[in-house]
Amino acid sequence: MYGKKVKLRFLFLVLILFSVILSVFLILQSLKDNVVYFKSPSEIKSLLELDKKKIRVGGMVKMLSVSINSDEVNFVITDFKNEINVTYSGAVPNLFAEGKGVVAEGFLKDRNYFLATKILAKHDENYMPPEVKEALGVK
Amino acid sequence: MLANQLGYYSLIIGLLCSIYLCYVSIKDLNNTNRNVNPNIIILSFLQLTFVIISFLSLILSFINSDFSNEIVFNNSHTTKPLFYKITGTWGNHEGSLLLWLLVLTLFIFLFLIKSKEQPKKYRILTLLFQELIIIGFFLFIYMTSNPFNYLFPVPTEGLGLNPILQDPALAIHPPLLYLGYVGSSIIFSASLAAVTQNYISKEWGKHIKKWVLISWIFLTIGIMLGSIWAYYELGWGGFWFWDPVENVSLMPWLTLTALLHCILVLEKRGGLTSWVVILSITTFMLSMCGTFLVRSGILNSVHTFANDPARGIFILIFLFILIFLSLGIFFLFHKDNNKDPNNFFWLSKESSILVNNWFMMYFLSVVLIGTVYPIFLDVILAEKISVGAPFYQKLITPFLAPFLLFMAFGLKLKWIKSKIENKSSLIMFLIISIMLTFFILKNITTDLLFYTILISAAFFLFFTTLRELFLKKSNNISQTISHFGFSLLILSILFNGILTSEITTNIKVGERYVYSNGEIFFERIEKEKKSNFDSIVGYFKVTNNKGKVTKLNPEIRFYNQPVTITSEADIKTTLLVDKFLVMNIVKGNDYFNIRYQVKPFMLWIWISVLIISLGGLMGLRKKKYEK
């Protein structure tokens, strides 16, 4: 009887351990594939090789750079040292405007051209995402 | 002015009440009298009353737009409608903490008067643990976030409430969510008290189950309201964004759901004692962590109001004290005093509940890692990353199918040892589900195999629970209803995800946009003036390929205080499908940016969450009936 109980406990522990290892492995594995990195235009300029993965670019929308036609919005993101051209088709948040902070998510085509799939909404006029603040060097 | 001071002083008196209450309780602990000293209940009532007075006077300051109060100045404005003046009370950090405190004191008072048949020492110890949390929050409010700070000279006008928070769903979302969050504090205190008294038993399980159910129901509905709000206010047309703040509310929900299932084992069989205690502690800790993450400003979202590092540090220290205290108590006092042999057959309700818990813990670790990993990476490597929806979907959806199947079987199993009854009907249901899914999906999706498995599993749960409900055979009707609701939820979410169609385009007034299934006509715009905002209303006619016309009038609002532009989506909801149109403006352009979505079964997502909570409600009712 005693032996059976110990055996059962042991089996149970092994099962738990196994499933924990499996799930941690799964989680870390897909974390590697699904993480989106944030880069400033200057960081993109200094990239050694272009990543095919989705990234986020943040900075200011350059003054007088926004142009809109019926299916896309084009603009330039700048961190006042370097800049990058962005093309985007999709919904633009209301607070998207020239001279304001912006975070765009999408794919790099080359070091000067970014194809955005999403522009992230912000919630008030004064709010600036910390990433953008840092990219602009504001303390 | 007066209300302000009244609020401040009653808060101080409230704290004094709590301290005195601790003193009286500790004295009463050694008293041999069988009943709890009646003064304790009176003191607990007084403590509650003073917090209520304090909260009411804060509301009064908001109603009167008393700008000598700092948070009224920061969050209110004379032109704001009365309703939002009132709800603005908890739309900010300080006020919402006061609400948190209010719920803490309310729950301990209710606990004291509702637990008369429980052992005296256990009741008093629960009170003491709860008072520890209450005093912690009192101090937190005093030291870092006093809602009654005085401003001089008194400003004539306030700064206004963030317009996206001016919304009916969001007005009741925080109180309900807090009832759920803070409700878990009672479970926490009670389980610690029960551990010290070696009272984790069937009787305790029966008694605490009600509290678990109550906070679970509130948490469920609270999360749903937040999700409804995000759906129509944030303008993305989705209902769950895997935003860190949403995840933070989902995590205690997952542990609470796991606890809800374990409590059944404890109640009926006296087993899983340690696990129940661990889950009770974890649930409350996750609620606290949620508060810490949201309040400290580490996470960026609508919920981060003002960021103050001192607040984060205070909660963090408080959190660590509670964690060490509870773990210490658990390891020192906990004894597995289960007299029944813990043996059960592999096919039994116990093992199915263990399986449920395995899934819950897996989902929890996915959400936890996805939420916390970016923070760690930022702190350690100073790298900015974000973890998006694909991560969660990829890790959670494959496990949903077995999870749903287990949900269907688990309901039918009996305690200790069980066998599967009605094998033939189960197999029949399974075949029907698969066939049905296959025929529905055949033409509409590319990922046929994956979705067929997933949706068949959901249909299977749907049919089996529906059958139980019709035959009224099952004696656990509340569980059946909740599981039925869950199957409906998964079905609605999946079909919604597969069938949603979306169009985004930039369009000028008077233009038509033709797409494969119809056309959108932007007729005209009209300008309107309201008390605290100006708005542009767009008049759209959407004609689908069957010639059916839907008129949609989305709105762009320009709030003056604070200066903010918001988009109000126009949603035409019918039983089967939601039509969602939102427009945005880009400064200095004639183009309006519009997003039109046809989203089937949206309404059913909310309905099914309500059905899930209804199951919980039935669980509460059944207990009284048994007595």
**Prompt:** If r is the Cβ-Cβ distance from residue B:620 to residue B:515 and R0 is 60 Å, what FRET efficiency results, to the nearest 0.05?
**Reply:** 0.75
**Request:** Among B:267, B:511, rank each residue by its count of other Cβ atoms within 10 Å, from fewest to most, as a rough exposure measure.
**Result:** B:511, B:267
**Request:** Quickly work out the residue B:549-to-residue B:471 label distance, labels modelled 7 Å from Cα along the C-beta direction, and quote it in nm with one decimal.
**Result:** 5.3 nm
**Prompt:** So, by mean Cβ neighbours within 10 angstrom, what's the order for B:243-253, A:59-69 with the highest one leading?
**Reply:** B:243-253, A:59-69
**Asked** How would you rank B:169-179, B:427-437, highest first, on the average number of other Cβ atoms within 10 Å across their residues?
**Response** B:169-179, B:427-437
**Message:** Taking 25 Å as the cut-off for C-alpha to C-alpha distance, list the pairs among A:54/B:508; B:209/B:349; B:121/B:335; B:85/B:114 that go past it.
**Reply:** A:54/B:508; B:85/B:114
**Prompt:** Which order do peptides B:610-617, B:277-284, A:29-36 fall in by mean Cβ count within 10 Å, highest first?
**Reply:** B:277-284, B:610-617, A:29-36
**Message:** Give me the inter-chain shielding for B:382-392: mean count of other chain Cβ atoms within 10 Å, whole number please.
**Reply:** 6
**Asked** Exactly which chymotrypsin sites (Phe, Trp or Tyr not before Pro) in segment B:379-416 are in a DSSP loop and have at most 12 other Cβ atoms within 10 Å?
**Response** none
**Prompt:** In segment B:38-147, what GluC sites (Glu not before Pro) fall in a loop by DSSP, with at most 13 other Cβ atoms inside 10 Å?
**Reply:** B:117
**Formal net charge of residues neighbouring residue B:226 (Cβ-Cβ distance under 13 Å; K, R +1; D, E -1)** = -4
**Request:** Could I have the simple spin-label model distance between residue B:436 and residue B:86, label points 7 Å from Cα toward Cβ, reported in nm to one decimal?
**Result:** 4.4 nm
**Message:** What FRET efficiency comes out for residue B:508 versus residue B:30 if R0 is 60 angstrom and r is the Cβ-Cβ distance? Round to the nearest 0.05.
**Reply:** 0.15
**Complete:** Quick shape check on the protein assembly as shown: root eigenvalues a ≥ b ≥ c of the Cα gyration tensor, a/c under 1.5 is rounded, otherwise prolate if a/b tops b/c, else oblate, and it reads oblate
**Fill in**
Here the residues of segment A:38-82 lying in the modelled label zone of residue B:394, meaning backbone nitrogen under 18 Å from a point 7 Å along Cα-to-Cβ, are A:38, A:51-56
**Asked** Which value in Å does the Kirkwood hydrodynamic radius of segment B:1-165 take, with 1/r averaged over all unlike C-alpha pairs and then inverted?
**Response** 16.8 Å
**Message:** Please compute the alpha carbon radius of gyration of chain B, then divide it by the globular-protein estimate 2.2 N^0.38 Å. Two decimals is fine.
**Reply:** 1.04
**Asked** Between residue A:19 and residue A:70, 0.36 nm times their residue separation minus their Cα-Cα distance comes to what?
**Response** 13.2 nm
**Message:** Could you give each residue of segment A:26-32 its phi-based ³J(HN,Hα) in whole Hz, using Karplus coefficients 6.51, -1.76, 1.60 with θ = phi - 60°, and x for Gly or Pro?
**Reply:** 4, 4, 5, 4, 7, 5, 4
**Request:** Note down the net charge around residue B:528, summing +1 for each Lys or Arg and -1 for each Asp or Glu among other residues with Cβ under 15 Å from its Cβ.
**Result:** 0
**Request:** Let me know the mean shielding of B:218-225 by other chains, meaning the per-residue number of their Cβ atoms within 10 Å of its Cβ.
**Result:** 0
**Request:** Select from segment B:525-624 those trypsin sites (Lys or Arg not before Pro) which occupy a DSSP coil region and have at most 13 other Cβ atoms within 10 Å, ordered by residue number.
**Result:** B:530, B:546, B:548, B:587
**Message:** Can you tell me, using C-alpha contacts under 8 Å and at least 6 residues apart, the relative contact order of chain B as a whole percent?
**Reply:** 11 percent
**Asked** How high is the FRET efficiency from residue A:53 to residue A:12, r the C-beta distance, R0 41 Å, rounded to 0.05?
**Response** 0.50
**Asked** Taking one equal scatterer on every alpha-carbon of segment B:502-602, how large is log10 of I(q)/I(0) by Debye at q = 0.16, 0.20 1/Å?
**Response** -0.69, -1.01
**Fill in**
Expected integer from the mean partner chain Cβ neighbour count at 10 Å over A:68-74 is 4
**Request:** Filter the cross-link list B:541/B:572; A:109/B:394; A:39/A:100; B:394/B:599 down to pairs whose alpha-carbon distance in this structure exceeds 19 Å.
**Result:** A:109/B:394; B:394/B:599
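Readers should treat all values here as calculations from the given coordinates under stated rules, not as data from a laboratory. Please read these numbers as outputs of a predicted model, since none were measured by experiment. Using ideal geometry, Cβ is built from the backbone for each residue, glycine included, and neighbour counts are taken over all protein chains shown.
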